[in-house]
Amino acid sequence: MIRKIIFITLDLALIIIVGYFLIFGQDMVAITKTTDQYMTAMSNGDARTAYSLLADRAQRISSVALYEQWLQNDKFRYNYLGYEKMCVRWIQFEPYIGDRATADPPYTRTASLQSCFSYNDQNKAGGATVFLEKENGNWRILGIYITAYPTNAK
């Protein structure tokens, strides 16, 4: 009897895990890809590509010119210079957001990503919290909070 309960519990756990990845797996890959593309564009000084990865709501309060200006600032650019790859610590899917009365923005699906970054400078580490919104089937960035720091401060 106990074996039967254990097998049923394990079966249910497996079904839940497989179901989770079937439902959220493609979104997790897309969220990671969007964030990586943004970081690569910023590392390469490509303001236009980085800006194109922003959600419409984020674009309304920013501009390509502002991104180009930020990339001229060495302290700002430090967060991106030498970016190579990211690791995902976690992704959390949020309930839909928006205002039904005004439909501005329309209800959309959101997610947050916590990541760590590798840089080509071994004396540098970093990470970010990224907030994303699903627009027309694509994940786009609402906001990103980056921290990069020297690993061997003298």
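The numbers here are math on the coordinates, done by the rules we state, and not lab data. Just so it is clear, the model here is predicted, and its values are computed rather than measured. Ideal geometry is used to build each Cβ from the backbone, glycine not excepted, and the neighbour counts take in all protein chains shown.
At-a-glance table
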item: Members of K75/K134; K33/K134; K33/K75 lying beyond 21 Å, as alpha-carbon distances in this model show; result: K75/K134; K33/K75
item: Cβ-derived FRET efficiency at R0 22 Å, F93 paired with T129, nearest 0.05; result: 0.90
item: Pairwise label distance in nanometres, Q72 with N152, each label 7 Å out on the Cα-Cβ vector; result: 3.5 nm
item: Residue exposure sequence - F117, F76 - by fewest surrounding Cβ within 10 Å; result: F76, F117
